Amino acid sequence: MERREGDWICPDSSCGNINFSKRTKCNICGTLRPREQPSKVLGSQKQGDWTCNKCGNLNWARRTHCNICNIVKSSQEPEDRLGRGGGYFDLDDPRDRKEHHSDDEEYDEFGRKKKKKATRTN
């Protein structure tokens, strides 16, 4: 299970349960959720540093994997979904289809053997 933004760790040292952000008290021990501290950049934290979604570790901006749990840094920016992953709806480059001449191939696009075209002699 991934830890998401807003999830909180129970402050009871004997519990330590990770609770969903919607909860106001721990679902294991019943301890009330601690009040939110205003978020600010800590003295040791620099611009671009990121927090791991799984373990909560603060990582340097240059790292691509968490140095504690080795999970890949999740992208916060929305990614363009172009369909180029090779799946069912893969968007092939239309130039490939337009420039391809299948006249000299032995089989058609359905795997059937093509009939030989008669050559005309005048």
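The values are calculated or read from the model by the stated rules, or taken from the named source; none is laboratory data. Source: prediction; values computed, not measured. Cβ placement follows ideal geometry from the backbone for every residue including glycine, while neighbour counts extend to all protein chains displayed.
Descriptive notes on the structure:
Yes/no matrix, rows are residues, columns are (1) modelled with pLDDT of 75 or more; (2) under 17 Å from the mean Cα position of the chain (by Cα); (3) in a loop (DSSP other than H, G, I, E, B):
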residue: Lys40; (1), (2), (3): no, no, yes
residue: Ser44; (1), (2), (3): no, no, yes
residue: Gly48; (1), (2), (3): yes, no, yes
residue: Gly56; (1), (2), (3): yes, no, yes
residue: Ile68; (1), (2), (3): yes, no, yes
residue: Gln76; (1), (2), (3): no, yes, yes
residue: Gly111; (1), (2), (3): yes, no, yes
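- Selection count, segment 4-19, where residues are among the aliphatic types (A, V, I, L, M) and either in contact (Cβ under 8 Å) with a residue 60 or more places away in the chain or in contact with a Phe, Trp or Tyr (Cβ under 9 Å, 6 or more places away or on another chain) (or both): 1
- Residue in segment 8-38 that is surrounded by the fewest Cβ atoms within 10 Å (Cβ to Cβ), counting only those that are under 21 Å from Asn57 (Cβ atoms) and small (Gly, Ala, Ser): Ser13
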